[in-house]
Amino acid sequence: MAVGAPPSKPRAAAPDTANKRAEALRGLLARYDYEYYVLDAPSVPDAEYDRLFRELQDLERAHPSLQVASSPTQRVGGAVSGAFAAVRHPVPMLSLNNAFDDDEVLAFDRRVRERLAEEGLPAAKLRYSAELKYDGVAISLRYERGLLAQAATRGDGTTGEDVTANIRTVRAIPLRLIGTSPAVLEARGEVLMYRRDFERLNERQRAAGEREFVNPRNAAAGSLRQLDPAITAARPLRFFAYGVGEVAGVDLPETHSGLLDWLARAGLPVGPERTVADDPPGLLAFYRRMQSLRPTLAYDIDGVVYKVDRRDWHDPIGYVARAPRFAMAHKFPAEEALTELLDIEVQVGRTGKLTPVARLRPVFVGGVTVTNATLHNEDEIARKDLLIGDTVVVRRAGDVIPEVVRALPERRHEPPRRRRFAMPRACPVCGSAVAREEGEADWRCVGGLYCAAQRKQALLHFAQRRAMDIEGLGEKLVDQLVDAGLVRTPADLYRLDVPTLAGLERMGEKSAANLVAAIDRSRSTGFARFLFALGIRHVGEEVARVLAQRYRDTEALMREDWAALADEKAAVQKENARRRARGEALEPVPLEGIGPEIVASLQRFFAEPHNRQVIAALREAGVEFVRETARVGDALAGRTFVVTGTLPTLSREQAHELIRRHGGNVATSVSRKTDFVVAGEAAGSKLERARELDIAVIDEDSLRRMAGP
C-alpha cells in the first residue's frame with residue numbers, strides 16, 4: 001500500500017460476524033477516544049484510529065441495523081474532565097471526515113455538486129476555501145459585546161470544559177475584539193505551540209527535573225488543562241481562528257474566506273497559509289504546496305482543510321451525524337526514516353494480548369526522537385520478514401506512535417549478525433500459558449485472574465455492577481490496592497478490612513466500611529454473574545447465562561466432556577431437521593449458541609493452574625452461588641425481545657435487565673425467532689424489519705404490563 005493511501009474496503013461480512021466486529025470496534029474507539037481526549041495519552045496512531053473508524057463506518061453502511069446512538073460514528077468523541085466546569089456548546093463543534101488520497105477529494109467534490117443540484121443551487125458558481133489543519137487543541141471563544149466572556153474545549157462536541165481562566169493568559173487571544181462588538185460571537189479555532197517554543201519548554205522541563213512533553217500538541221493540551229492558570233501563563237501558547245459558532249448582532253461575510261479576513265480584522269489570529277480554489281485540481285495544488293512547506297512551518301500541521309466557500313450553502317449541503325458534508329480534511333502521509341532494529345521485546349497488555357515491540361537505534365522522525373515502535377503481532381513480523389539487526393524503515397504514522405514499515409534485506413550483508421524473533425510460549429510477566437485462537441493473529445496470556453499485567457483490568461471487570469457488583473471499587477481505588485501490593489487477585493479482595501482500606505488516600509472510615517460491606521454482600525451471587533466476572537475470553541453475559549442454566553458451579557463446568565457434548569448437539573440438531581420438515585415441535589439444543597470457539601476458550605482458561613488456584617481461593621473466601629430466579633413466575637419466559645429506539649424512562653440496559661429478570665430472552669437483531677420488538681422514539685431499521693416480518697411491536701408501558709409487578 002502506498003504511503004498515506006486509505007485502507008482497502010472490507011468485504012461485506014455475515015450479520016453475526018459484522019455485529020461482533022462492530023461491537024469490538026466501538027469498544028476500541030471509545031477507549032482510544034478516552035485516552036486521546038481525556039488522558040492526553042493516546043495509545044494508537046491517528047492513522048490506526050482512522051482505519052478502525054472507517055471500518056466501522058463501512059460495517060454500519062453495509063448493515064444499517066448495527067447503527068446505534070452510542071456508536072463513535074454518531075458523535076465527535078471525547079468526555080468532559082471532572083476538573084473543569086461543563087460548558088454546553090450552543091452550536092455543536094463538529095469534527096471533519098478525512099481524505100487520504102486524490103480520489104477521495106474528487107469524490108468529495110462530486111458529492112457536493114450532487115447536493116447542490118438536488119437543492120437547485122448553481123454548482124457552476126461553486127468555490128472552495130482551503131486552509132491548514134493545525135495539530136493542536138480545538139477551542140471555542142465566546143465574545144459578548146466584544147469582550148471575551150468564556151472559553152471552552154470541544155469535549156464531546158456538545159459539551160466541553162470551561163478553560164476561560166487559562167485562555168485569558170494566552171497573549172495571542174484578544175480579550176476585546178477590534179472594531180466590532182456583536183451581542184455574541186463564538187470564534188472557533190486551534191490552540192497550539194510553535195516548535196521552537198516547544199523545544200524551549202522541554203529544556204526548562206529537563207532543567208527542573210520534570211517530565212518532558214511528547215510533542216507540541218501534547219504540550220498545548222497539557223497546558224490548557226492546568227488547574228492553576230499561572231502555569232498556563234508560563235507556557236508559550238498560540239491561537240489560530242478558523243470559523244464561528246453562535247453569532248448574534250452582526251452580519252458576517254457571505255463566504256468562508258471573507259469570514260477569515262473579517263476575524264483577522266477583529267483582532268483574532270488567522271493562519272496566513274490559505275487560498276480559494278474553483279475545483280479539485282486547485283485544492284490538490286494547495287495540498288501539495290503545503291506538504292512541501294510543512295517542514296519549514298513554525299508549527300505542526302497534519303493536513304489541509306477544504307470548505308465550500310459560500311457559507312449560505314453549508315446548511316443546504318448538510319451534515320452527517322458527526323461531521324459536515326461541506327468540508328473535509330485532507331491528511332498528509334506519515335513521515336519515514338531509516339534506523340536499526342536492535343531487539344524485539346514482548347509487552348503484555350491489560351487484556352492479556354502479547355504485543356512485540358521493536359527496540360530501535362534512536363532516530364529523529366516526525367518531529368521526535370523514536371526509540372520504540374509497534375510490530376503488532378507475530379504474523380506481521382513474518383510478513384515483513386524482519387530480523388533483529390536489520391536496517392528498517394520507521395514511519396511515525398499519524399504523527400503519534402511510530403511503526404516499523406519494512407526491512408531493507410539488501411543491507412543484510414553488513415554486520416551485525418541477525419536472528420529471527422520467536423514469540424514466547426509462556427507469558428513473560430506471569431509465566432502462564434499463552435494461546436492463539438484459530439483465525440486470530442494475536443497471542444494472549446490465559447492467566448487473566450493471576451497475571452500482573454492484567455491485574456487492574458481483571459479486578460475492575462470482576463467488581464462491575466453486572467458481574468460481582470462491588471459498589472465503590474473504582475479505578476482509582478483499584479490502582480491504589482494493586483500498587484500497594486494489597487490485592488494481587490480477586491480473591492484478595494475478600495481479605496481486606498476497614499483499617500487497611502481507611503489508610504488509603506481519599507478513603508475515610510465510613511467509605512472503607514461501606515466497601516467492606518459491599519465486598520461481603522458479593523460473596524453470595526448467581527453462577528452466571530460469577531462466570532462473567534472471571535473475564536473468560538468470549539464469555540459475555542449471555543454466554544454466562546446459558547452456561548449457568550446447565551452447570552451449577554465451576555467444578556461441574558470443568559468436568560464436562562466437550563467432545564461428547566458436541567456429539568449430543570449434532571444428534572439433536574439432526575433430529576430437529578427431521579422434525580422441522582414434518583412440522584413437529586423441536587427438541588431443546590444443549591448449550592445452543594455456544595460453539596467451538598467459546599468451548600476452546602473455556603478449556604484454555606480452566607486448564608491454566610493459576611486460574612484454578614484463584615477460583616479455589618474465591619470459594620475458600622466464602623463466595624457461593626445462589627439460584628437466580630425470575631420474579632412473578634417468569635412472566636416473559638420463552639419469549640425473545642429486541643429493544644430499539646429511546647424508551648421514555650428505561651435505558652437500553654435497564655430494559656434488557658427487566659426482560660431477563662422476568663425470564664425473557666434479549667436479542668440484538670430482529671429475526672423470525674423474535675416474539676416482540678420494544679420500540680421507543682427514533683426507532684430505525686429494526687422497527688422496519690419487525691413490520692416486514694409481521695412481528696408484534698410494543699412500547700415500554702406494554703412491556704411493563706407483560707412483565708407484571
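With a/c under 1.5 counting as rounded, go ahead and sort the stretch 543-686 into rounded, prolate or oblate using the C-alpha gyration tensor (a ≥ b ≥ c being the square roots of the eigenvalues; past the cut-off, prolate if a/b is larger than b/c, else oblate). Provide the component values of the computation, followed by the final result.
Values: a/c = 2.13, a/b = 1.26, b/c = 1.68.
Oblate shape, in that a/c is at least 1.5 and b/c is the bigger or equal ratio.
Please tell me the relative contact order of the stretch 188-280 in percent, rounded to the nearest whole number, where contacts are Cα pairs under 8 Å and at least six residues apart. All intermediate terms of the calculation are to be shown ahead of the outcome.
Numbers: 82 pairs, mean separation 28.7, N = 93.
Taking the mean separation of contacting Cα pairs over the length of the stretch 188-280, I get 31 percent.
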For the stretch 388-545: rounded, prolate or oblate by the Cα gyration tensor [a/c cutoff 1.5]: prolate
Positive-end residue, the chain charge dipole about Cα centroid, Cβ charges, pick of Val666, Pro269, Leu360: Leu360
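When the dipole is taken about the Cα centre of the chain, and only Lys, Arg (+1) and Asp, Glu (-1) are charged at their Cβ, what size is it in debye, to the nearest 20? All intermediate terms of the calculation are to be shown ahead of the outcome.
On the way: 103 positive and 101 negative charges, 77 e Å.
Around 380 debye, computed over the chain.
Quote to one decimal, in nm, the extra length available between Glu210 and Glu118 on full extension: 0.36 nm per residue of separation minus the C-alpha distance between them.
Values: separation 92, 0.36 × 92 = 33.12 nm, distance 5.79 nm.
The span from Glu210 to Glu118 would gain 27.3 nm if fully extended.
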Whole-percent carbon and sulfur share, accessible surface of the chain, 1.4 Å: 49 percent
Qualifying GluC sites (Glu not before Pro) for the stretch 424-507 [loop in DSSP, other Cβ within 10 Å: at most 10]: Glu438, Glu505
Amide H partners (placed H, <5 Å) of Val163, local residues excluded: Ala151, Ala152, Thr153
Partner aspartates and glutamates for Lys574 [C-alpha distance under 19 Å; skip if fewer than 8 residues away on the same chain]: Glu584, Glu587, Glu592
Value of D in µm² per second that Stokes-Einstein yields for the stretch 420-505, Kirkwood Rh from Cα pairs, at 25 °C (0.890 mPa s): 169 µm²/s
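In percent, what relative contact order does the stretch 630-691 have, based on Cα pairs under 8 Å that are 6 or more apart in sequence? Write out the running numbers ahead of the final one.
Values: 105 pairs, mean separation 27.5, N = 62.
Relative contact order here is 44 percent.
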Pairwise centroid distance, computed over Cα atoms, of the stretch 534-563 with the stretch 271-318, Å: 56 Å
Surface accessible to a 1.4 Å probe, per residue, for the residues of the stretch 242-342, Å²: 40 Å²
Alpha-carbon gyration tensor eigenvalues x 5, square-rooted, for the stretch 203-297, Å: 33, 22, 10
Relative contact order for the chain, counting Cα pairs under 8 Å that sit 6 or more residues apart, in percent: 9 percent
Rounded to 10°, Cα long-axis angle of helix 102-118 versus longest principal axis of the chain: 90 degrees
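Would you mind getting the accessible area per residue of the stretch 83-210, heavy atoms of the protein chains only, 1.4 Å probe, in Å²? Don't skip to the end; give the middle numbers.
On the way: 5830 Å² over 128 residues.
Accessible area per residue: 46 Å².
Any idea what diffusion coefficient the stretch 243-382 gets from Stokes-Einstein, in µm²/s, Kirkwood Rh on alpha carbon pairs, 10 °C, 1.306 mPa s? Walk me through the numbers before you get to the answer.
On the way: Rh = 19.3 Å.
Diffusion coefficient, whole number: 82 µm²/s.
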Angle in degrees between helix 280-293 and the longest Cα principal axis of the chain, rounded to the nearest 10: 90 degrees
Spherically averaged projected area of the stretch 497-556 from its Cα convex hull (nm²): 5.5 nm²
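Per residue, how much space in cubic angstrom lies within the convex hull of the C-alpha atoms of the stretch 464-569?
111 Å³
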Binned Cα-Cα distances of the stretch 230-286, short to long, each 5 Å bin given as a whole percent: 4, 14, 20, 19, 15, 13, 8, 4, 2, 0
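Out of every Cα pair in the chain, what percent are spaced more than 45 Å from each other?
It works out to 32 percent of all Cα pairs.
The values are calculated or read from the model by the stated rules, or taken from the named source; none is laboratory data. None of the values given here were measured: they were computed from a predicted structure. Backbone-built Cβ (ideal geometry, glycine too); neighbour counts: all protein chains shown. Surface areas here come from the heavy atoms of the whole protein model, side chains and all, with no ligands, DNA or RNA. Shrake-Rupley method; radii C 1.70, N 1.55, O 1.52, S 1.80 Å.
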